[in-house]
1. Does region 297-305 contain any residue that is buried (at least 19 other Cβ atoms within 10 Å of the Cβ) and touching a residue at least 60 places away in the same chain (Cβ under 8 Å)?
2. Out of curiosity, is residue 68 farther than 30 Å from residue 186 by Cα, in contact (Cβ under 8 Å) with a residue 40 or more places away in the chain, surrounded by 15 or more Cβ atoms within 10 Å (Cβ to Cβ) and out of contact with any helix residue (DSSP H, G or I) (no Cβ under 6 Å at 6 or more places or on another chain)?
3. Could you list, in sequence order, all residues of region 327-351 that are in a loop (DSSP other than H, G, I, E, B), surrounded by fewer than 17 Cβ atoms within 10 Å (Cβ to Cβ) and in contact with a strand residue (DSSP E or B) (Cβ under 6 Å, 6 or more places away or on another chain)?
4. Cβ-Cβ under 6 Å, sequence separation 6+ or interchain: first residue in region 234-261 and at negative phi and without any contact (Cβ under 8 Å) to a residue 12 or more places away in the chain, partner surrounded by 15 or more Cβ atoms within 10 Å (Cβ to Cβ) and in a strand (DSSP E or B). Which pairs?
5. Condition check: surrounded by fewer than 19 Cβ atoms within 10 Å (Cβ to Cβ) and touching a residue at least 12 places away in the same chain (Cβ under 8 Å). Does residue 216 satisfy that?
6. Are any residues in region 86-111 closer than 18 Å to residue 155 by Cβ and either surrounded by fewer than 18 Cβ atoms within 10 Å (Cβ to Cβ) or free of Cβ contacts under 8 Å to residues at least 12 places away in the same chain (or both), and if so, which ones?
7. Is there a residue being free of Cβ contacts under 8 Å to residues at least 40 places away in the same chain and either assigned to a strand (DSSP E or B) or buried (at least 17 other Cβ atoms within 10 Å of the Cβ) (or both) anywhere in region 363-377?
8. Does residue 124 qualify as being crowded, with 23+ Cβ neighbours inside 10 Å and either over 24 Å from residue 338 (Cβ atoms) or within 17 Å of the chain's Cα centre (by Cα) (or both)?
């Protein structure tokens with residue numbers, strides 16, 4: 001869900017990953033089945049393989065106005081879809097298809113910010129969440145894009161940005177109904193699915209969510225997970241609800257039952273591991289008012305959690321706004337996350353891409369990435 005604000009570069013000298021600040025475009029990476037990590041930065045779109053330390057230039061934008069923001073590998077790994085701002089001041093966005101071999105193709109253009117981008121599992125469709133037409137609630141509209149011919153249409157209006165494909169034809173999302181009159185960051189919503197071909201919507205569960213609600217779906221686990229302040233038939237706004245106090249819920253697609261997975265921690269982000277056995281969470285201790293978020297692995301079978309990183313950099317702040325940092329799985333036993341360093345003085349901040357495995361071992365990939373990108377820049381004439 002979005003904040004209606006123009007994108008700006010973080011004030012001060014920024015090294016490492018450039019922090020692109022926008023209407024709730026999260027800072028994220030995308031991993032394919034070969035372990036290649038795709039990411040965007042000022043110089044363009046790249047892929048880095050931690051096992052080989054090889055950097056691949058997917059698209060070069062340095063010296064142009066175009067600002068690549070969100071990148072997603074196709075399921076086959078033969079292409080990426082990427083959003084581009086026309087410039088850092090503009091909200092106009094293009095969705096591009098960039099094959100590993102072949103010519104780039106514009107799939108979709110809009111004068112609005114695109115805040116999320118997702119592939120269907122078979123690669124036949126893309127969905128984009130863009131700033132919605134309902135300015136009162138400030139939610140999103142989902143656009144269905146056909147990568148084969150570049151046609152597009154509205155799929156669902158008034159939704160959360162975060163949505164996921166359950167299978168090759170079904171999109172899972174939160175349908176926004178209304179905002180709390182006393183706190184616009186709280187929304188009454190319905191966990192729903194939509195058939196991409198017919199547009200038919202099925203309502204699964206009522207919920208009260210925050211504007212940064214997390215959601216994921218797994219066909220293998222037959223489960224949808226999402227974060228909410230309350231969920232179920234009786235879910236409604238209550239006095240003194242706080243947007244940060246969101247629990248982790250699961251909806252079983254087989255039994256159609258809703259359950260609360262967390263009772264001692266809050267979560268505002270959830271992602272299934274590739275084998276669907278675990279969840280990667282941004283979680284905080286519900287018993288501590290001043291608790292800082294941690295990166296947590298949650299075992300769905302045993303319902304036990306393991307903290308991988310304490311004091312996680314969950315957001316980055318600039319110009320009085322806060323922007324989400326999305327961790328992700330590198331593989332079934334290793335997660336990717338960021339740390340934030342002040343590299344020059346007190347304001348020159350840089351993101352460092354890190355990995356952590358279930359044993360606690362950490363690796364900082366940023367020096368290798370920065371060195372490799374710098375070599376490409378020098379080969380093209382230098383900064």
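1. yes
2. Criteria not met by residue 68.
3. If the condition is that a residue be in a loop (DSSP other than H, G, I, E, B), surrounded by fewer than 17 Cβ atoms within 10 Å (Cβ to Cβ) and in contact with a strand residue (DSSP E or B) (Cβ under 6 Å, 6 or more places away or on another chain), then 333 is the only one that fits.
4. What qualifies is 259/250.
5. For residue 216, the condition - surrounded by fewer than 19 Cβ atoms within 10 Å (Cβ to Cβ) and touching a residue at least 12 places away in the same chain (Cβ under 8 Å) - is not met.
6. 109
7. Yes, region 363-377 contains at least one residue that is free of Cβ contacts under 8 Å to residues at least 40 places away in the same chain and either assigned to a strand (DSSP E or B) or buried (at least 17 other Cβ atoms within 10 Å of the Cβ) (or both).
8. Numbers: crowded, with 23+ Cβ neighbours inside 10 Å: no; either over 24 Å from residue 338 (Cβ atoms) or within 17 Å of the chain's Cα centre (by Cα) (or both): yes.
The answer is no for residue 124.
The values are calculated or read from the model by the stated rules, or taken from the named source; none is laboratory data. Keep in mind it's a predicted model, so treat the numbers as computed, not measured. Note: ideal-geometry Cβ built from the backbone for every residue, glycine included; neighbour counts use all protein chains shown.
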